[in-house]
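Below: the structure, in structure tokens.
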Amino acid sequence: MRFAMLAGVAAVAFGSAAMAQVTPPAETKKAAEPGRSVASAPVESVSITPRADGMELHIGKRLVQITALEGDIVRVRVGLGGVLPADESWAVPQAVRQASVKVRAVANGFAAGSLVVTADPMTGRLIVADGAGRSVYREASVPSVRDGDGFQLVQQMPEDAHYFGLGDKTGPLDRRGQAFTLWDTDAFGFQESTDPIYKSIPFVLQVSNDGHASGLLMDNTWRSFFDFGRTDRGLLRFGSENGPIDYYILAGPTTKDVVQRYAKLTGPSPLPPLWALGFQQSRYSYMSAVEVRDIAGHYRRDRVPLDVLYLDIAYQDRNRPFTVDGKTFPDLPGLVKDLKGQGIRLVTITDLHIAAAPHQGYVPYDTGMAGDDFVKNAAGNLYVAPVWPGPSVFPDFTRAKTRDWWGGLYKGFVTDGVAGFWNDMNEPAVFDTPTKTMPLDNRHRIEEPGFATRTATHAEIHNVYGMENSRATYEGLLKLAPDERPFVLTRASYAGGQRYAATWTGDNTSSWNHLRLSVSQIVNLGLSGFAWSGADVGGFAGVPSADLLTRWIEVAAFQPIFRDHTTIGTPHQEVWVHGPQHEAIRRRYIEARYRLMPYLYAVADETARTGLPMMRPLFMTYPEALTASCDTSNDFLVGDRLLVAPPNQPESPESYDICLPKGGWYDYWTGQAAPARVHETPQLDRLPVYIRAGTILPRQPLVQSTMETPNGPLELAVYAGPNCAGTLYADDGHSLGYQHGAYLRQPLSCTMTPKGMTLAFAKRDGSWKPWWKTLTVSVYGWKGAAHASMGGQNLPVSIDSGGVLHVSLPDQPGVASVTIGG
């Protein structure tokens, strides 16, 4: 059946667009496709019914329910024929989406918190404004339409609006002028214009030139699209081929506010184990335990820090998940133990396809068959298709029972001491098919709390299949080791998947374009909830030049997941492969990351509590970056206080300008104050990195692994400036004890005085005792007297050849202050 929806029923506009004239409702024969014109149709009756937590609109036979989940988040659901669809979601937990706040009635709508939500009584068009009267959400004049089972929603795009999100889609950082399909796809060797790729995250962040931000989550798992003015300049079109019209409007006013509210909806990324922030080495594949030991030994002999080695599919028996090849890896527990003795963890791949191997003693197949845990085809028979093991079957992860079975398969590996697990190929990828995946009419059984028990087609489940695979792994690991933080790495996912796994950008290419692309992909993943992400350093497909691998390691040293990985049949890609000159540069940047580990871990703690990513676009903290005279699209922040400015054309020797945000900055490598505009001439051994003035940056002595206790004092590097602050965070690095008070969190601040500086320690939260016993305060840009005291007692002071003042003092667990100078 084809029918039109009234203009304003579900067309979304969030931002500062001026109110437009309402166009009559319309019909179209191809409404689910972007760019179709619409024709006029009669206006239907509109009525507005107040509710304690929002309101309902009745437009003809349609029902639109608008609910205030809290003062800054509004949910909109559309029921055709006057009945809302089932309230189900893989992205937003049931308790979150069914919460609401009491609203205050206003003319034609309601107010909640700082928001005022109204509907035009003639058309049903929805308008959401903040307390200052600024538009947060405003429906467009173009009607939304529905044809068959698909729908399209349309909004106006303000002229000064920029768009971000959708996860690791390719192309520039700003989505404006582009169009994307959301359909998890095995996209080996993807390029800058390839779409779709591995993930479907239907969350969009809109930011105006002055930094005013808002967000939109369309919660629909079917094949979907977003068109940011590519088809019709000035119009954002989005929709899906089927499924519910269910979306959330997130108010700002800042980018940070929106990102944190999205984390409230879908969940923040949990605190990873500390070792996951270390350098990680991988390859498809290390072929034997002998080779793995050789790689580990080489890293230790060359004194290059390393925390993780990965095993790709070659460690398995005939590529069968949850097996080990006894010839090439005869003693996996012994290998794990030997590596751990060198401070190195082992992460193993466990793809989701289970070999269809009846009567062969293959436990995952036998137990899965006994539990009826595999996906069926349209006829109701077992679906079998080729992947790495040959003919394979696929777990039905929409069943809670199946996920529990899957999680239990990790018992042997957990017992052996394997530290983490890598869920690849989970779009799901299928060989020898034009679609690269399973048939859309395959059957999944939804047997899940919060859902009606039913059978769904793969067309509905495809985009959440990879997420539910990683969820099964994550929850299984929690059951097997209840006090350990699981580390799961997934390739495919959906909105909310950050609750279960870190991710990476998939099978990228060894090219300068992909080095540049990695920045925009990881930044947009962070804005889309996936704080813990990375790209295959050096590129997966192809062979990097020596300079490319060196440059990539430099940039990735400041990104969340730092993993060097390459494909089968290529030369080795470890740090030392291009000779001592390149190895020395690469070692220096890896060492810089390990020295920064206290700062990175404090940012990780902030991420787990707030949802703010580790790797951030400049405009998140400095909205003026959106209109800077320099191209800042390749720059990024680590937390709020460390700025990385790679060249926009990393392969080019051409000089370029860096526009640093207002407030003052220091060159991280020299410690010298930097001008507001830096003219940079590229050098192979230099990546421009800056520290914000007003930063207290914790650093540690160099270690070869996060298992190693640093030897010496914790350094507090003080870069004088306004709003001077920093944070110390520590815990045991691997358990869930931090959730029960076994952590250390301590705010620090500094204040400039007429005679010098005062460094203040606030009282610590938590019960964790840190590794450091003493502190060294290093003050950059110091011009005052070389004197320091605490509690009336003088402290040891020195000034090095670079003019940096150093003060030594005992650890300060409680309230204390140090007077420097004067």
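Below, the figures for the structure above:
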{"read-out": "Length-normalised contact order of the stretch 394-453 in % [C-alpha pairs under 8 Å, at least 6 apart]", "value": "41 percent"}
{"read-out": "Cβ-based exposure ranking for Cys659, Cys630, Cys750, Cys724, in which fewest neighbours within 10 Å come first", "value": "Cys630, Cys659, Cys724, Cys750"}
{"read-out": "FRET E, pair His359, Lys327, Förster distance 25 Å, beta-carbon r, rounded to 0.05", "value": "0.65"}
{"read-out": "Simple Cβ-charge dipole of the chain, Lys/Arg +1 and Asp/Glu -1, about Cα centre, in debye nearest 20", "value": "1360 debye"}
{"read-out": "FRET E, pair Thr254, Lys755, Förster distance 35 Å, beta-carbon r, rounded to 0.05", "value": "0.45"}
{"read-out": "Derived scalar couplings ³J(HN,Hα) [the stretch 626-636; Karplus, 6.51 cos²θ - 1.76 cosθ + 1.60; whole Hz; x for Gly, Pro]", "value": "5, 10, 5, 6, 8, 6, 9, 5, 9, 7, 8"}
{"read-out": "Beta bridges by DSSP in the chain, antiparallel share as percent, to the nearest 5", "value": "80 percent"}
{"read-out": "Two-site FRET efficiency, Val83 against Ala52, from Cβ-Cβ distance with R₀ of 22 Å, rounded to 0.05", "value": "0.60"}
{"read-out": "Stretchable slack from Ser652 to Asp811, in nm (0.36 nm times residue separation minus alpha-carbon distance)", "value": "52.6 nm"}
{"read-out": "Relative contact order %, the stretch 615-699, counting alpha carbon pairs below 8 Å whose residues are six or more apart", "value": "27 percent"}
{"read-out": "Charge-dipole axis of the stretch 280-362 as Lys and Arg at +1 and Asp and Glu at -1 on Cβ define it, positive-most pick from Phe322, Leu335, His353", "value": "Leu335"}
{"read-out": "Lys pairs, the stretch 319-425 - Cα-Cα below 21 angstrom, 8 or more residues apart or on other chains", "value": "5"}
{"read-out": "Calculated log₁₀ intensity ratio I(q)/I(0) where the Debye formula runs over C-alpha points of the stretch 322-462, q = 0.12, 0.13, 0.16 Å⁻¹", "value": "-0.55, -0.64, -0.90"}
{"read-out": "Whole-number D in µm²/s for the chain (Stokes-Einstein; Kirkwood sum over Cα pairs; 20 °C, 1.002 mPa s)", "value": "77 µm²/s"}
{"read-out": "Cα centroid of the stretch 751-822 to Cα centroid of the stretch 630-677, whole Å", "value": "28 Å"}
{"read-out": "Net charge of neighbours whose Cβ lies under 10 Å from the Cβ of Val207, counting Lys and Arg as +1 and Asp and Glu as -1", "value": "-3"}
{"read-out": "Burial ranking of peptide ranges 605-613, 105-113 (average Cβ count within 10 Å, highest at the top)", "value": "605-613, 105-113"}
{"read-out": "Value of Rg to Rh for the stretch 175-277 (Rh from inverse mean 1/r over Cα pairs, i.e. Kirkwood)", "value": "1.00"}
{"read-out": "Selection from Cys630, Ala608, Pro571 lying farthest towards where the dipole of the stretch 530-686 points positive, charges on Cβ", "value": "Ala608"}
{"read-out": "Part-to-part distance (alpha-carbon centres) for the stretch 492-515 and the stretch 82-124, which is given in Å", "value": "33 Å"}
{"read-out": "The chain - percent relative contact order, Cα under 8 Å, separation 6 or more", "value": "10 percent"}
{"read-out": "Listed residues Met467, Gln498, Phe413: farthest to the positive end of the dipole of the stretch 407-517 (Cβ charges)", "value": "Gln498"}
{"read-out": "Orientation-averaged projected area, Cα convex hull of the stretch 712-820 (nm²)", "value": "7.4 nm²"}
{"read-out": "Simple Cβ-charge dipole of the stretch 712-820, Lys/Arg +1 and Asp/Glu -1, about Cα centre, in debye nearest 20", "value": "260 debye"}
{"read-out": "Exposure proxy ranking, count of Cβ atoms within 10 Å, fewest first, for His298, His582", "value": "His298, His582"}
{"read-out": "Antiparallel content of DSSP bridges confined to the stretch 712-820, in %, to 5", "value": "85 percent"}
{"read-out": "Packing-based exposure ordering (other Cβ within 10 Å, fewest first) of Ile658, Ile73", "value": "Ile658, Ile73"}
{"read-out": "Translational diffusion coefficient (Stokes-Einstein; Kirkwood radius from C-alpha pairs) of the stretch 394-486 at 4 °C, 1.567 mPa s, in µm²/s", "value": "91 µm²/s"}
{"read-out": "Binned Cα-Cα distances of the stretch 592-666, short to long, each 5 Å bin given as a whole percent", "value": "3, 15, 23, 21, 18, 13, 5, 1, 0"}
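A short reminder: the numbers here are calculations on the coordinates, not readings from a lab. Since this is a predicted model, take the numbers as computed values, not measurements. Glycine also receives a Cβ, built like all others from the backbone with ideal geometry; neighbour counts cover every protein chain displayed.
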